[in-house]
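Structure record follows, encoded as structure tokens.
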Amino acid sequence: DNWTGAALANSVIFYNPGQEANARELSALLNIGDVRATGQGEISQGLTVVLGPGFQ
């Protein structure tokens, strides 16, 4: 899906409660340092990766 929220300056991984460990693992794999908690179901069912400008 495409991000429809406010523009982000960098890539971000959003996670729902109970998914922090998975988000941190994915963060290490993708080299994305910005990991943020969300409310249950606020973004998706688990993890959401938003790729920012210049992601490689």
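The values are calculated or read from the model by the stated rules, or taken from the named source; none is laboratory data. Only a predicted model underlies this, so the values are computations on that prediction, with no experimental measurement involved. Quick reminder, even Gly has a Cβ in these numbers, built from the backbone with ideal geometry, and neighbours come from all protein chains shown.
Say we look at the chain and pick out the residues that are charged (D, E, K, R) and part of a loop (DSSP other than H, G, I, E, B); which of these is surrounded by the most Cβ atoms within 10 Å (Cβ to Cβ)?
Filtering the chain for residues that are charged (D, E, K, R) and part of a loop (DSSP other than H, G, I, E, B), the one surrounded by the most Cβ atoms within 10 Å (Cβ to Cβ) comes out as ASP34.
Within region 33-40, identify whether any single residue is modelled with pLDDT under 95 and over 12 Å from the mean Cα position of the chain (by Cα), and answer yes or no.
Yes, region 33-40 contains at least one residue that is modelled with pLDDT under 95 and over 12 Å from the mean Cα position of the chain (by Cα).
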